[in-house]
Amino acid sequence: MDLATVIGLVGALGLLIAAMALGVGVGAYIDPQSVLIVILGSIMSLMISYKMDMMTKFLKVFMIAIKPNYQPNYEELIKKLVDYATQARRDGILSLESAANNEEDEFLKKGLSMAVDGNEPDTIRELLEIEMEQMEERHKKMASIFSTWAGLAGGFGMLGTLVGLVAMLLNMSDPSSIGPAMAVALLTTLYGAMIGNIFGNPIASKLSLRNDDEMLAKTMILEGIMSIQAGDNPRTLEAKLLSFLPPSKRKSQFE
C-alpha cells in the first residue's frame with residue numbers, strides 16, 4: 001500500500017469536506033445536475049477518447065496508484081544478478097538453466113533463458129528492449145487516461161458554468177430561480193477542479209513514477225543479463241548496477 005497516495009487522497013478530500021462543513025454545510029455543495037454534467041459527462045468523453053478495453057481497466061489502473069502490483073527492490077535485484085554472474089563465471093552459463101526455470105520475474109526469466117540457450121547478445125538486447133518499449137507504451141497510455149480526464153473534467157466544469165449562467169439569465173424576472181442556477185454554474189467548476197487536482201493529474205503523475213521504477217528495474221536486468229553472458233567479473237557487474245542507484249544506496253556486498 002502506497003501511504004503517500006492514500007494519505008494524499010484522504011487528506012485532500014477530508015480538508016475540502018471540513019472546509020465545507022465549517023461553512024454552510026456539506027449538503028449545499030451536492031448538486032445532482034452538476035454531477036451529471038461534470039462527472040458523468042467527462043467519463044462519457046473519456047469513452048469517446050479511448051478504446052473500450054482500456055476503459056474497462058480504469059479502476060484497476062487507479063488501484064495501481066494506491067497499491068502497486070510491482071515494487072522493485074533494487075538492492076535485492078543487484079544481489080541476485082551478481083549471484084547469477086558469480087555462478088556463471090564459476091560453473092559456466094549453462095549452470096543457470098535451473099535458476100532461469102525457477103525465476104519468478106518473467107522479464108529476468110526470459111533474459112536468462114535466452115542467454116542460457118546461446119542466443120547472440122544483439123538478439124537478446126533487441127528482444128528485451130522491444131519488450132521494455134512496449135511495456136512503457138502501455139503504461140503511458142493508461143496514465144494518459146487520468147491526465148485526459150483532468151482536462152475533460154475542467155472543460156465540462158466550464159460547460160456547466162455556461163449552462164448555469166444561461167439558465168440564470170433566462171430567468172432574471174424570477175429571483176427564486178437565480179440562486180439554483182448560479183449554484184450549478186459554480187459547483188460544476190468546483191467539481192471539475194476537484195477531479196483534475198485530486199484524481200486526474202495526481203494519479204497520472206503517480207502512474208508515471210510507477211512506470212519509471214519498473215523501467216529502471218528492467219534496465220538493470222538487461223544490463224545484468226548482457227554482463228552475465230559476456231562473462232564479466234561479478235564485481236564489475238555490481239559496480240555497473242550500483243551506478244543506477246543514488247549514492248546513498250550504493251552498498252557493495254563484497255565490502
Taking region 152-176, which residues are small (Gly, Ala, Ser) and surrounded by 17 or more Cβ atoms within 10 Å (Cβ to Cβ)?
Ala153, Gly154, Gly157, Gly160, Gly164, Ala167
Among the aromatic types (Phe, Trp, Tyr), buried (at least 19 other Cβ atoms within 10 Å of the Cβ) and in contact with a Ser or Thr (Cβ under 7 Å, 6 or more places away or on another chain) - does that describe any residue in region 178-192?
yes
Residues in region 60-109 that are under 30 Å from Met142 (Cβ atoms) and either touching a Phe, Trp or Tyr at 6+ places or on another chain (Cβ under 6 Å) or not small (Gly, Ala, Ser) (or both) total 27
Tell me which helices (runs of 4 or more DSSP H) are completely within region 50-98 and hold 3 or more residues being among the basic types (Lys, Arg) and more than 19 Å from Ser205 (Cα to Cα), or say none if there are none.
74-91
Inside region 203-249, can you point out the residues that are acidic (Asp, Glu) and surrounded by fewer than 21 Cβ atoms within 10 Å (Cβ to Cβ)?
Asp212, Asp213, Glu214, Glu223, Asp232
For region 19-49, what are the residues that are more than 23 Å from Pro180 (Cα to Cα) and open to solvent by 50 Å² or more (accessible area, probe 1.4 Å)?
Ile43, Met44, Met47, Ile48, Ser49
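Here are Ala85, Ala99, Ala115: which of them is open to solvent by less than 50 Å² (accessible area, probe 1.4 Å), modelled with pLDDT of 90 or more and touching a Gly at 6+ places or on another chain (Cβ under 8 Å)?
Details: Ala99 fails: touching a Gly at 6+ places or on another chain (Cβ under 8 Å); Ala115 fails: touching a Gly at 6+ places or on another chain (Cβ under 8 Å).
Going through Ala85, Ala99, Ala115 in turn, the sole match is Ala85.
The values are calculated or read from the model by the stated rules, or taken from the named source; none is laboratory data. Nothing here was measured: the structure is a model prediction, and the numbers come from that model. With ideal geometry, Cβ positions are generated from the backbone for all residues, glycine too; neighbour counts draw on all protein chains shown. Keep in mind that these areas ignore ligands, DNA and RNA; they rest on the heavy atoms of the full protein, side chains included. Shrake-Rupley method; radii C 1.70, N 1.55, O 1.52, S 1.80 Å.
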